[in-house]
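Take a look at the structure set out below.
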Amino acid sequence: MFDRIAHRYDLLNRLLSFRQDVVWRKRLARLLPERPDLRVLDLATGTGDVLLSLYRWSGRVASGVGVDMSGKMLAFGRGKITDRGLGQCLSMVRGDAMCIGFRDASFDAVTIAFGIRNVSDVPCALREMRRVLAPGGRVLVLEFSLPGNPLFRRAYLFYFRHVLPRIGALISGDSYAYRYLNQTVESFPYGEDFCALMRDAGFERVLAHPLTFGIATIYEGDAG
């Protein structure tokens, strides 16, 4: 599915979020650990927007790897890294968030944006993130959530169920992909329910940072 929409993925992210995705990635970068020369892993990296944002906006990333299962997404991402002359410090590999192909304690930060709800075993993926984090490292999970305000929630769900899928289908040419988006978001645990999953996976000092009236949330957790 992601191979099919790779050619319009970045455009649709900007359009359908009203460019809030850019704001959210900047916030993610600000939550990286406060130390220099970070080694960063970005899972479900897609076309690399998160990886590039972490490098650009934090100023603390020495090296970064993006991992994704979609070969076409990775092809677009590698092109963006090359165009920016960052091939010496950023790279992309094909892989699975439930079986991360790196040794224990390899990274200072692990991020995943709008990808955790797509894995078939969320607790397994969270445990893998914990495994590859060095002591004192941090995981940052950016994911859609549902607004708490009842009026705004109704308006948001109308947009999510009826407007977003039509625009997504029109521009991407794939009607299923953007129906899938709203279906998975509405059924995925968020808020305290997701924080509990992170604590169960071994993360400490777990925090939830709601964004844009609660339509997205950054979950932060530290390795002991």
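Quick look at the values:
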read-out	value
Of all residues in the stretch 82-95 being under 18 Å from the mean Cα position of the chain (by Cα) and not basic (K, R), the one that is nearest to T47 (Cα to Cα)	M92
Within the stretch 29-60, tally of residues that are in contact with an Asp or Glu (Cβ under 6 Å, 6 or more places away or on another chain) and either part of a strand (DSSP E or B) or of a type in the set (D, E) (or both)	2
The stretch 198-211: number of residues that are farther than 16 Å from L126 by Cα and either touching a Cys at 6+ places or on another chain (Cβ under 9 Å) or surrounded by fewer than 17 Cβ atoms within 10 Å (Cβ to Cβ) (or both)	2
Residue among R153, R166, R179 that alone is in contact with a helix residue (DSSP H, G or I) (Cβ under 6 Å, 6 or more places away or on another chain) and either surrounded by fewer than 19 Cβ atoms within 10 Å (Cβ to Cβ) or among the hydroxyl-bearing types (S, T, Y) (or both)	R179
Residue under evaluation G191, criteria (1) surrounded by 17 or more Cβ atoms within 10 Å (Cβ to Cβ); (2) of a type outside the set (V, I, T); (3) out of contact with any Gly (no Cβ under 6 Å at 6 or more places or on another chain); (4) more than 24 Å from D10 (Cβ to Cβ), criterion not met	(1)
Failed item, numbered, when L140 is tested on (1) over 16 Å from Y55 (Cβ atoms); (2) assigned to a strand (DSSP E or B)	(1)
Members of the stretch 50-69 found to be out of contact with any strand residue (DSSP E or B) (no Cβ under 8 Å at 6 or more places or on another chain) and over 17 Å from R138 (Cβ atoms), listed by number	R56
Residue check for L74: at pLDDT 95 or above, over 20 Å from V141 (Cβ atoms) and outside any loop (DSSP other than H, G, I, E, B)	yes
Residue, nearest to R130 (Cα to Cα), within the stretch 30-54, restricted to residues that are under 13 Å from the mean Cα position of the chain (by Cα) and either hydroxyl-bearing (S, T, Y) or surrounded by fewer than 20 Cβ atoms within 10 Å (Cβ to Cβ) (or both)	T45
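Matching residues to (1) in contact (Cβ under 8 Å) with a residue 60 or more places away in the chain; (2) within 18 Å of the chain's Cα centre (by Cα):
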residue: A97; (1), (2): no, yes
residue: D104; (1), (2): no, no
residue: F114; (1), (2): yes, yes
residue: N118; (1), (2): yes, yes
residue: D121; (1), (2): no, yes
residue: E128; (1), (2): no, yes
residue: E143; (1), (2): yes, yes
residue: F160; (1), (2): no, no
residue: L164; (1), (2): yes, no
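The values are calculated or read from the model by the stated rules, or taken from the named source; none is laboratory data. On a predicted model such as this, the values are computed, not experimentally measured, just so you know. As a convention, Cβ positions derive from the backbone with ideal geometry for all residues, glycine included, and neighbour counts pool all protein chains shown.
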